[in-house]
Amino acid sequence: MTIAEDPATTSPGYKWVGTRMIRPDGFEKVTGRARFGADIKLNGMLYGHVLRSPHAHAKIVSIDTSEAEKMAGVRAVITGADFPDPSGPAGDQDLQRNVIAREKALYEGHVIAAVAAQTRAQAKAAAEAIKVVYEVLPHVMTVDEAMAPGAPLLHPKLMTKGVDPAPTEPSNVASRAVYQGGDLDLGFAESDVVVEGTFTTKPVHQGYIEPHAAVADTTPNGRTTLWCSSQGHFTMRSLSAKVLGWEPSKLKVIPAEIGGGFGGKTTIYLEPLAVRLSQKAGRPVKLVMSRDEVFRATGPASGTKIVGKLGFKNDGTMVAGELWMAYEAGAFAGSPAGAGSMTALAPYTVPNFLIEGFDVVVNKPKVAAYRAPGAPMSSFAVESLIDEAAKKLGMDPIDIRLKNAVTEGCQATYGPKFPRIGFVETLEAIKNHPNYKIPLGPNQGRGVASGFWFNAGLNSSATVHVNEDGNVIVVTGSPDIGGSRASMALMAAEEFGIDAARIQPVVGDTESVGYNDQTGGSRTTLATGAAVIEACRKVIADLRGRAAKQWDVSLDKVEWVDGQAQHVEGTQPPLSLADLAKGWNRTGGPLTASAALNARGVGSAFSTQVVDLEVDPDTGHVTVLRYLTAQDAGRAIHPSYVEGQLQGGVVQGLGWALNEEYIFDRNGKMENPGFLDYRIPVASDLPMIDTIVVEVPNPGHPYGVRGVGEVGIVPPLAAVANAVDDAVSRRIHDLPLSPVRILDAIINKDS
Amino acid sequence: MSRIQVSCTVNGDPVDFLCDADGSLLNTLRDELGLTGIKEGCGTGDCGACSILMDDQLHCACLIFAPEATGTTITTVEGLADGDHLTPLQECFLEGAALQCGICTPGFLVAATALLKHNPNPTETEIRYALAGNLCRCTGYDKIVRAVREAAAQMREASA
Ligand code: FES
Ligand code: FES
């Protein structure tokens with residue numbers, strides 16, 4: 001049962017915000033009309049195929065494309081030599097090398113070359129005819145291997161940042177992040193109970209169902225149009241330009257509908273390849289990844305190793321916390337070790353702490369953001385340890401969290417003071433819910449965990465036009481990945497006081513609207529929403545001015561109520577949006593306004609979750625019996641899509657906890673690059689996911705929005721491990737909690 | 001390679017197309033007939049995004065060679081609605097917010113259509129098992145299962 005209260009009933013005064021309109025793009029999406037990345041087809045279009053490294057780590061001695069170039073239907077072949085030499089800041093050079101390998105292949109699946117031909121089959125055959133001579137190098141696959149003295153190096157010049165004194169020798173450790181406060185030794189000395197453990201998690205993929213796709217059309221004068229499915233087409237433009245050595249303005253990027261991203265479509269893979277192939281062939285080129293390529297060469301989230309230790313007083317007060325955390329970055333620096341460090345203890349008031357996070361390169365695909373990047377892993381360690389402490393202290397797992405929960409005014413372990421937040425409310429909501437009191441049977445267990453995520457603000461623009469019929473077009477540059485057109489329409493309807501069905505929300509291309517950062521960081525409803533609200537308010541101010549002109553009264557005599565301009569004294573018949581639109585010739589021309597902002601007032605998100613599950617003692621298989629999540633949304637603009645974010649995050653977390661992992665053979669080749677062997681949760685694995693949408697409004701947003709996309713994936717890892725421990729008295733520190741692992745823990749009870 | 005001519009019925013229309021002997025029906029329907037509502041999520045029969053009905057049976061189009069379509073009657077997501085008139089399943093998916101990104105939606109709608117044809121009154125468990133071949137990474141399935149249950153109820157009511 002979903003028991004979310006409908007915010008329409010809890011936030012009186014709003015007519016549209018908090019209601020459940022049918023999404024404006026819904027008809028297209030249930031009839032197969034919506035065009036996703038791979039659905040774009042242009043006249044004369046060629047098909048591309050990418051050749052990838054079969055080795056986890058190898059020097060590229062030579063690439064011979066001569067045979068491939070002569071094959072039937074082949075119009076272009078490219079290698080790293082077709083791109084400018086890597087230059088610019090280290091991160092840019094990494095991006096350029098990740099898109100197409102230069103001196104070395106750094107993971108199995110690293111791009112070596114690409115072909116465009118008239119048919120898919122021709123392109124594939126030609127790619128396979130490219131002769132590459134490799135010199136295979138020793139590889140490192142885990143943080144332990146990569147950090148070991150004398151480990152083979154991925155990058156001969158990589159010097160660890162963030163250590164004092166600065167290192168004199170290169171290593172595979174790109175950086176160290178540190179957060180500390182108080183006096184750690186004193187904290188542990190004061191502790192009555194100390195819990196500690198070493199935790200590991202495996203790389204997991206974002207698992208969006210739509211593989212990456214890009215279509216490029218380059219004209220001889222150099223103007224290029226790129227269609228792709230991404231979380232942000234402006235970012236695709238700027239990143240692609242960096243790899244091509246172009247000014248971003250040379251590229252126009254048209255957003256296709258996006259079939260899931262979860263952070264994994266915030267960077268480029270195919271886009272510059274498609275552009276270069278198109279440029280060389282003089283024809284449009286389409287590149288689409290296979291699922292196998294998606295697994296081998298995109299995403300995933302970091303595998304991690306975390307050593308944690310927490311100290312508590314007898315009354316449950318957390319007085320000390322120490323975490324040493326190493327995150328796999330994949331082949332290039334940039335794991336979310338920093339964010340993992342910042343979020344690890346953020347939900348709690350712990351006076352003495354030391355958190356160290358290491359960003360470690362290994363011979364795996366470069367990690368990409370995945371929903372609250374970095375937080376689920378560190379939270380897995382911390383929330384498991386808190387559970388253990390609660391058991392030792394004989395405390396209820398909610399009570400121990402309530403005892404230490406941050407509230408407004410508390411200083412976060414990562415620095416700032418929290419404004420108004422709803423963490424305590426999520427804990428209380430779970431505690432008071434009937435699910436929390438259902439008696440459990442044999443081999444059944446209940447697990448609780450909480451999580452925190454910052455949420456992001458960043459840059460957004462919006463343009464609002466009134467049509468001549470009085471309907472409204474809202475253009476933003478934020479791809480709609482899960483219902484944001486609906487939330488934009490609802491906020492605009494609320495501002496204008498007109499039916500949401502009269503608002504047409506549009507996701508504009510890079511030439512149709514001002515710059516927008518990506519749909520990510522749970523930011524779109526907050527930041528792009530704020531831009532929409534501001535643009536609406538500008539148009540409304542203009543409308544009032546025009547009514548004042550028409551009535552020949554001063555502006556303060558005109559107010560905007562329920563979609564029309566009204567004279568405050570009621571001496572004039574009201575002028576509706578349609579009336580004012582009809583008369584725009586006489587009052588100053590068309591009605592349009594834009595707003596652009598760097599969003600402030602970001603509101604942090606907290607979630608508390610409880611899972612009930614049953615362990616089959618003979619097989620180690622886990623059945624999830626029921627799941628309840630409570631999350632502070634600030635304000636739910638469209639409650640159904642808010643619930644959907646909560647539910648989707650939980651289920652991705654359950655996959656992470658129970659099934660999902662990258663498996664590599666001893667040569668560093670991925671052994672399970674398909675949905676058969678990399679098993680994401682399916683409908684028959686799951687119960688309904690019950691949601692409680694808590695609404696503690698964010699003071700930084702006009703409607704109180706916080707952003708809801710990410711934090712839901714943080715608690716499930718520990719919630720499941722805690723429930724397994726509750727069911728079979730086994731504290732397992734390593735994910736996933738697959739049947740084999742659980743069975744092993746059951747059998748080896750005494751070891 | 002010489003191409004093979006195939007005649008079949010797609011969404012009510014008689015169609016002819018040429019295909020390679022080893023071409024997949026999925027690519028053929030998408031590329032030759034422009035039916036891009038059918039999606040490729042994996043190409044290996046593991047995600048259900050390419051679900052179609054072939055002679056009323058649910059299939060993954062990615063696992064069928066295009067010449068196998070000869071003489072069959074195929075329904076894709078594009079053929080479910082009657083013009084602007086959506087089916088109860090499509091309506092319930094919209095009403096119940098059973099899609100987020102929507103890439104899995106065509107496959108779910110086709111698979112659920114097949115389910116309700118054979119079983120007009122499925123339990124929650126039956127719905128979950130019938131749709132276990134369709135992956136959705138966005139929704140956690142909760143709202144999809146509810147939408148199918150609601151559509152089944154509406155369809156039973158309409159035919160009662
Ligand atoms: S594309 Fe056919 S089952 Fe995935
Ligand atoms: S709605 Fe995105 S995969 Fe199902």
| Working out 0.36 nm times the residue gap between A:Lys417 and A:Ile747, then minus their Cα-Cα distance, what length gain in nm do you get to one decimal? | 114.1 nm
| note | The answer for the net charge of residues other than A:Tyr348 whose Cβ lies under 13 angstrom from its Cβ, with Lys and Arg +1 and Asp and Glu -1, is +1
| request: Please average, across the residues of B:30-41, the number of beta carbons from any other chain that are within 10 Å of each residue's own beta carbon, and give a whole number. | output: 5
| request: Return the FRET efficiency for the residue pair A:Trp324, A:Ile438: r is the Cβ-Cβ distance, R0 is 30 Å, and the value is rounded to the nearest 0.05. | output: 0.20
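Counting only other chains, what is the mean number of Cβ atoms within 10 angstrom of the Cβ of each residue in peptide A:22-29?
5
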| field | Cα-projected label distance for A:Ala596 with A:Tyr515, points at 7 Å along beta-carbon direction, nm | value | 0.7 nm
| message | Once you place label points 7 Å from the Cα toward the Cβ at A:Asp677 and A:Thr407, how far apart are they in nm? | response | 5.3 nm
| task | Please name whichever of A:Ile498, A:Val708, A:Cys228 sits farthest to the positive end of the charge dipole of the protein assembly as shown, dipole taken about the Cα centre and charges placed at Cβ: Lys and Arg +1, Asp and Glu -1. | result | A:Cys228
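Can you list which of the DSSP-assigned H helices in chain A have a Cα extent of 20 Å or more along the long axis and an average Kyte-Doolittle score of at least -1.0?
A:375-393, A:529-551, A:639-658
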| task | Can you grab the distance from the C-alpha centre of region A:114-160 to the C-alpha centre of region B:63-116, Å, no decimals? | result | 40 Å
| query | Whose amide H sits under 5 Å from the amide H of B:Glu32, counting only residues 5 or more places off or on another chain, with H placed in the peptide plane? | reply | none
| said: Rounded to the nearest 20 debye, what is the charge dipole size of region A:289-382 about its Cα centre when +1 sits on each Lys and Arg Cβ and -1 on each Asp and Glu Cβ? | reply: 160 debye
| query | Among B:Leu63, B:Gln100, B:Cys19, whose Cα sits farthest toward the positive end of the charge dipole of chain B (+1 at Cβ of Lys/Arg, -1 at Cβ of Asp/Glu, about the Cα centre)? | reply | B:Gln100
| message | Restricting to Cα pairs below 8 Å that are 6+ residues apart, what does the relative contact order work out to for chain B? Please round to a whole percent. | response | 23 percent
| said: Give the separation of the Cα centroids, region A:390-409 to region A:647-684, in Å. | reply: 32 Å
| field | Spatially proximal lysines relative to A:Lys417 (Cα-Cα < 22 Å; intrachain offsets below 8 disregarded) | value | A:Lys403
| remark: Note, A:Tyr703: beta-carbon cut-off 11 Å, +1 each Lys/Arg, -1 each Asp/Glu, net -1
| query | How big is the gap, in Å, between the Cα center of region A:514-557 and the Cα center of region A:34-104? | reply | 44 Å
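Given Cβ point charges of +1 (Lys, Arg) and -1 (Asp, Glu) and nothing else, what value in debye, to the nearest 20, does the dipole of region A:457-599 about its Cα centre take?
160 debye
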| query | Distance in nm between label sites at B:Glu32 and B:Ala158, each 7 Å beyond Cα in the beta-carbon direction? | reply | 3.3 nm
| said: Checking the table A:Lys15/A:Lys538; A:Lys29/A:Lys538; A:Lys305/A:Lys364; A:Lys437/B:Lys143; A:Lys242/A:Lys280 against a 22 Å threshold on Cα-Cα, which pairs fail? | reply: A:Lys29/A:Lys538; A:Lys437/B:Lys143
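Can you give the calculated 222 nm mean residue ellipticity of chain A, where each DSSP H run of n ≥ 4 adds -39,500 (n - 2.57) and the sum is split over every residue, rounded to the nearest 500 deg cm²/dmol?
So the helix-based figure for chain A works out to -8000 deg cm²/dmol.
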| request: Please report, in debye to the nearest 20, how large the charge dipole of region A:117-242 is about its Cα centre when each Lys and Arg carries +1 at its beta carbon and each Asp and Glu carries -1 there. | output: 1200 debye
| request: Could you list which residues have their amide H under 5 Å from that of A:Ile692, counting only those 5 or more apart in sequence or on another chain, with H placed in the peptide plane? | output: A:Thr629, A:Ala630, A:Gln631
| said: Order these by the 10 Å Cβ neighbour count, fewest first: B:Tyr141, A:Tyr47, A:Tyr14. | reply: A:Tyr14, A:Tyr47, B:Tyr141
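Give me the percent relative contact order of region A:266-397, please, defined on Cα pairs under 8 angstrom at least 6 residues apart.
Over region A:266-397, the number comes to 27 percent.
Bear in mind that the values in this text are calculations on the coordinates, not laboratory data. Everything numeric here is computed off the predicted structure, so don't read it as measured data. Counting neighbours? That spans all protein chains shown, and the Cβs are built from the backbone with ideal geometry, glycine included.
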